[in-house]
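These notes concern the structure reproduced below.
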């Protein structure tokens with residue numbers, strides 16, 4: 001089974017802190033994604049990565065950055081956390097190939113609260 | 001990518017079939033229909049996808065109308081653990097694009 005793991009299930013940080021959310025997948029997938037999920041807004045894409053050291057902005061990249069130094073790991077960074085970044089953060093990975101091109105595997109999520 | 005329309009919520013009795021509809025009237029020829037679900041406090045989970053033929057796997061069946069403008073996800077014997085939000089997504093085959101999750105249908109399976 002594909003495993004996508006996230007470093008924390010729950011996280012509480014203070015305004016202005018630098019926050020790192022880590023995501024690791026074990027299926028050698030090329031693509032990895034970071035989403036946030038808020039009530040009434042569904043899932044929104046923050047950033048994604050096609051390969052190591054490659055990154056692309058999603059729909060709501062402001063206030064976030066990412067890092068992909070190794071294929072299995074994709075990190076989401078909040079440089080200076082703000083209260084409007086309180087949310088559920090979901091990481092996903094996807095392999096290439098026609099059969100599974102759009103089948104994304106999601107991690108369990110990190111519920112971040114910024115006070 | 002084509003937009004989808006789903007009812008916001010549905011109920012189903014445990015052990016009965018749950019039929020979840022999705023309208024995608026603007027779907028184009030090379031777009032696939034994907035279904036995901038999200039159980040409370042978990043990440044979304046892939047269920048099934050199809051292009052124009054009906055599909056079945058161990059989790060569900062997907063029925064796509066002949067004109068491809070709508071589809072139905074069928075959970076043949078719903079259990080309480082199937083209570084979740086179900087998302088219907090349409091995306092171009094071979095696309096490097098990203099899944100766009102709408103509001104989905106909240107399915108409540110009741111004993």
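Every read-out reported here was derived from the displayed coordinates using simple, explicitly stated rules and does not represent laboratory data. Every value quoted in this text rests on a predicted model; they were computed, and no experiment measured them. Every residue, glycine among them, receives a Cβ derived from its backbone with ideal geometry; neighbour counts consider all protein chains shown.
Backbone N atoms of region B:24-40 closer than 17 Å to the 7 Å Cα→Cβ label point of residue B:51 belong to residues B:27-35.
Length available on full extension from residue B:58 to residue B:40: 0.36 nm per residue minus the Cα-Cα distance, which gives 4.3 nm.
Full extension of the chain between residue A:56 and residue A:20 gives 11.1 nm of extra length, using 0.36 nm per residue less the Cα-Cα distance. Highest mean packing comes first when the peptides A:19-25, B:65-71 are listed by Cβ atoms within 10 Å, giving A:19-25, B:65-71.
Taking 0.36 nm per residue of separation and subtracting the current Cα-Cα distance, fully stretching the chain between residue B:30 and residue B:66 would add 11.5 nm. Taken along the Cα-to-beta-carbon direction at a fixed 7 Å, the label points for residue A:69 and residue A:86 span 3.2 nm. Shielding value for B:34-43 is 4, the average number of Cβ atoms from other chains within 10 Å of each residue's Cβ. Its convex hull of Cα atoms gives chain A a direction-averaged projected area, equal to a quarter of the hull surface, of 6.9 nm². Hull volume per residue, based on the alpha-carbon atoms of chain B and their convex hull, is 93 Å³.
Its residue count N fixes a reference of 2.2 N^0.38 Å for the protein assembly as shown, and the Cα radius of gyration divided by that reference is 1.03.
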